[in-house]
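Enquirer: Below are the structure tokens for one structure; questions will follow.
Nothing in this text is a laboratory measurement; each read-out follows from the coordinates by a stated rule. These numbers come from a predicted model, not from an experiment. Counting neighbours? That spans all protein chains shown, and the Cβs are built from the backbone with ideal geometry, glycine included.
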Amino acid sequence: MELPLLPTTVIGSYPRPKWLREVIALRKAGRISEDDLKEAFNDAAVTVMRDHLIAGIDVPTDGEVKRDEMVEFFAERLKGFKFYGPVRVWGTAYYRKPSVVDKIEYVRPMLLDEVEFTKSISYTPNFKVTITGPYTMGYWSYNEYYKSRRDMVFDLAKAINSEIRSLVDAGAKIIQVDEPAIHSTKDEVPWAIEAVNESIKGINAKLMVHICYGDYKLVAPYLNDLKVDQINFALKIYDYKPLKLLKEVGFEKELGAGVIDVHNKRVESPEEVQKDLMTILRYFPPEKVWVNPDCGLKLQPRKIAFEKMVSMVNGTRLAREELKKGENRK
Amino acid sequence: MIKFRISIIGSYPRSPSLGKVFSRFRAGKVSKDILEKEVMRRESTFLSLVKDIGAHYSTDGLLRWDDLLDVTFSYLSGQEKGELMRFFDNNFYYRKPVIKDRLRARLEEYLSYLQGDIELAKQVGYTGTLKAVIVGPLTYSLLSDNQYYETVEELIMSYSAEVNSVLKNLPRGINAVEIHEPSIFAKGVKTSLLDRLKDAYQTLLSGVQVEKHLITYFYINSSRIDLLLSLPVDVYGFDIIENMNILGVLYRKVKERRVFLGVLDTRNTKIERVSTIRRVVEKAREKGASEVLIGNAAPMDFIPEAVVIKKLKLLKKIGGA
């Protein structure tokens with residue numbers, strides 16, 4: 001995999017173009033066909049990929065524009081789930097939290113079309129595919145069927161493993177398992193790690209896990225047990241304080257460093273990103289650091305999301321130059 | 001067959017359509033009047049529902065607040081809204097209050113909302129007891145970012161004193177206060193803080209004439225039940241649906257006490273069995289609790305509104321005014 005030092009990537013989601021939101025509303029109102037909607041989704045993926053290209057992202061995604069939400073999308077496609085209605089996550093933000101009402105089973109590929117299309121439009125073979133991990137899927141669902149959350153999560157791990165296998169067969173080389181909930185409950189972290197490992201068992205691809213927001217202390221002692229190449233974290237929002245913790249626990253994986261606050265409309269300057277990266281490099285060597293935003297950029301206006309990506313890339317370029325100068329001086 | 005009085009606690013789900021009105025208001029697209037009318041319309045539907053199930057006590061559903069901590073902004077100044085934080089172990093987030101200055105009671109806004117609730121309850125014919133809702137001093141101090149007070153103990157005492165002046169001015173028609181204190185059972189709370197809690201509650205509730213309901217939820221730490229029961233309130237609330245394994249310990253301690261038992265799980269869509277609920281609440285009576293109130297175990301934001309309605313209607317089969 002040919003990538004520059006400090007490869008830049010995104011976590012996954014990106015704001016949907018405004019026109020796509022209107023097309024979705026038209027489809028819901030029955031005024032356009034499913035084929036028209038599919039065409040619009042593909043066009044939106046092309047648009048996002050182009051934004052990533054112009055910004056200079058080394059490892060892009062399709063912005064997850066075809067998915068409404070990270071749990072809902074998969075729950076709609078697996079057997080065993082039911083939806084009762086939306087619930088609030090904060091303020092005026094909602095999602096349709098699913099209920100598990102039967103044994104969870106894998107039915108058919110869920111992201112295959114998405115991956116095949118992304119592959120056909122990507123400007124690099126090194127695009128990334130994201131999938132919600134078993135613990136987060138289970139934690140963010142209601143359990144009406146299983147005796148324990150653990151039983152539910154391990155059935156989800158089996159289903160996700162089948163899906164990841166089909167993605168690799170379709171040509172996905174970089175796969176990120178999203179586990180933002182993995183550090184929600186201290187007592188469950190050890191088996192949650194086992195479940196993630198079960199979901200990626202036997203997979204031949206570059207594997208990453210995304211963890212964000214919450215108390216990293218709960219998961220830190222177990223991070224090296226994850227059988228992945230990289231773990232990426234939200235760090236900017238915490239002013240990089242978790243770096244010390246990661247160092248203390250002897251974190252050995254590649255670090256995907258969040259250097260962009262996705263909950264703040266202020267666009268970080270390239271110089272700020274450069275400075276932050278130099279701080280990160282005091283803890284971890286550049287060969288083991290990737291650069292990404294704290295989380296998906298979906299909740300920002302598209303203009304801001306784009307500007308944040310550009311700053312991230314330009315800041316990374318400044319850091320690479322600084323490293324090069326340092327090398328030359330040696 | 002014994003009937004148990006019903007008490008509805010905390011928040012009722014804010015529907016996405018009401019959420020949209022809030023978003024439009026915050027974007028400057030609709031006026032405060034339009035937002036208020038919409039909030040009151042939904043609150044009226046909620047109060048009609050609690051009237052229908054025969055609830056003896058109820059909140060106003062807290063529809064106007066983004067989260068529990070948001071309520072404090074209507075009765076306290078000296079704080080700003082900070083970053084989004086996870087509300088305990090839920091996939092639900094609140095804005096952390098950032099304390100920048102000395103906390104001071106603000107009466108006007110909070111009392112005016114309560115006055116509106118009283119009038120609305122009259123209009124819909126809800127004759128039960130309306131409860132004002134406040135955040136308990138410990139929970140407030142642990143879920144906020146203290147940038148002003150030297151110590152957390154100082155913050156707790158200041159919060160209690162200021163909120164006391166709010167509670168002493170509750171309008172006629174609000175006959176109970178519901179104090180949310182889920183952090184009392186949280187892990188890692190310093191003993192020095194717990195030691196000050198009794199003083200804090202004495203300050204908080206001194207001279208307050210209405211009924212005081214202390215509400216906890218999610219998790220019960222059995223080693224702190226005695227501390228909870230030492231606080232000077234009238235009703236002690238426990239989430240029993242998530243803590244069925246310690247009911248024996250709990251019931252032994254609530255003899256001759258008025259208790260609120262949260263019997264509806266508001267973190268799962270699975271509908272409870274009436275027979276199970278009846279069995280556990282009757283047991284509390286048998287063990288000597290002087291009164292058993294029943295209701296939802298925790299705020300209701302965590303499950304869809306359609307499920308909340310189904311669950312609340314179950315209460316009618318066990319309780320009633």
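Enquirer: For region A:226-254, how many residues meet the condition of being more than 14 Å from chain B (Cβ to nearest Cβ), over 14 Å from the mean Cα position of the chain (by Cα), under 27 Å from A:VAL310 (Cβ atoms) and not in a loop (DSSP other than H, G, I, E, B)?
Expert: Qualifying residue count for the region: 3.
Enquirer: Give just the number: which of (1) part of a helix (DSSP H, G or I); (2) under 25 Å from A:LYS173 (Cα atoms) does A:ASP35 not satisfy?
Expert: With (1) part of a helix (DSSP H, G or I); (2) under 25 Å from A:LYS173 (Cα atoms) applied to A:ASP35, the lone miss is (2).
Enquirer: Can you find a residue that is part of a loop (DSSP other than H, G, I, E, B), buried (at least 20 other Cβ atoms within 10 Å of the Cβ) and touching a residue at least 12 places away in the same chain (Cβ under 8 Å) anywhere in region A:274-289?
Expert: No, region A:274-289 has no match at all.
For (1) touching a Lys or Arg at 6+ places or on another chain (Cβ under 8 Å); (2) surrounded by 23 or more Cβ atoms within 10 Å (Cβ to Cβ); (3) away from chain A (no Cβ under 14 Å), each residue gets a yes or a no:
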site	(1), (2), (3)
B:ASP226	yes, no, yes
B:ASP239	no, yes, yes
B:LEU250	no, no, yes
B:GLU256	no, no, yes
B:LYS270	no, no, no
B:GLU282	no, no, yes
B:GLU286	no, no, yes
B:ALA306	no, no, no
B:GLY319	yes, yes, yes
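Enquirer: For residues that are of a type outside the set (Phe, Trp, Tyr) and either facing chain A (nearest Cβ under 9 Å) or within 17 Å of the chain's Cα centre (by Cα) (or both), tally how many sit in region B:86-110.
Expert: Count: 5.
Enquirer: Further, regarding this structure: Every residue in region A:135-150 that is touching a helix residue (DSSP H, G or I) at 6+ places or on another chain (Cβ under 6 Å) and either closer than 25 Å to B:ARG273 by Cβ or small (Gly, Ala, Ser) (or both), please.
Expert: Matches in region A:135-150: A:GLY138, A:ASN143, A:TYR146, A:ARG149, A:ARG150.
Enquirer: Considering only region A:97-108, state which residues are surrounded by fewer than 18 Cβ atoms within 10 Å (Cβ to Cβ) and either in contact with a helix residue (DSSP H, G or I) (Cβ under 9 Å, 6 or more places away or on another chain) or of a type in the set (Lys, Arg) (or both).
Expert: Residues satisfying the conditions are A:LYS103, A:GLU105, A:VAL107, A:ARG108.
Enquirer: Quick one: is A:MET137 crowded, with 16+ Cβ neighbours inside 10 Å and away from chain B (no Cβ under 13 Å)?
Expert: no
Enquirer: Right, something else. Determine, yes or no, whether A:ALA55 is of a type in the set (A, V, I, L, M, F, W, C) and touching a helix residue (DSSP H, G or I) at 6+ places or on another chain (Cβ under 6 Å).
Expert: Answer is yes for this residue.
Enquirer: While we're here: Does region B:3-35 hold any residues that are within 21 Å of B:THR59 (Cβ to Cβ), within 13 Å of chain A (Cβ to nearest Cβ) and of a type in the set (Lys, Arg), and which are they?
Expert: Listed by number, the list holds a single entry, B:ARG14.
Enquirer: Hey, among A:TYR123, A:TYR145, which residue is of a type in the set (Ser, Thr, Tyr) and either more than 30 Å from A:ILE54 (Cα to Cα) or within 14 Å of chain B (Cβ to nearest Cβ) (or both)?
Expert: Result of the check over A:TYR123, A:TYR145: A:TYR145.
Enquirer: Considering only residues that are within 18 Å of B:ASP301 (Cβ to Cβ) and either charged (D, E, K, R) or within 14 Å of chain A (Cβ to nearest Cβ) (or both), which ones fall in region B:39-50?
Expert: Listed by number, the residues that qualify are B:VAL39, B:ARG42, B:GLU43.
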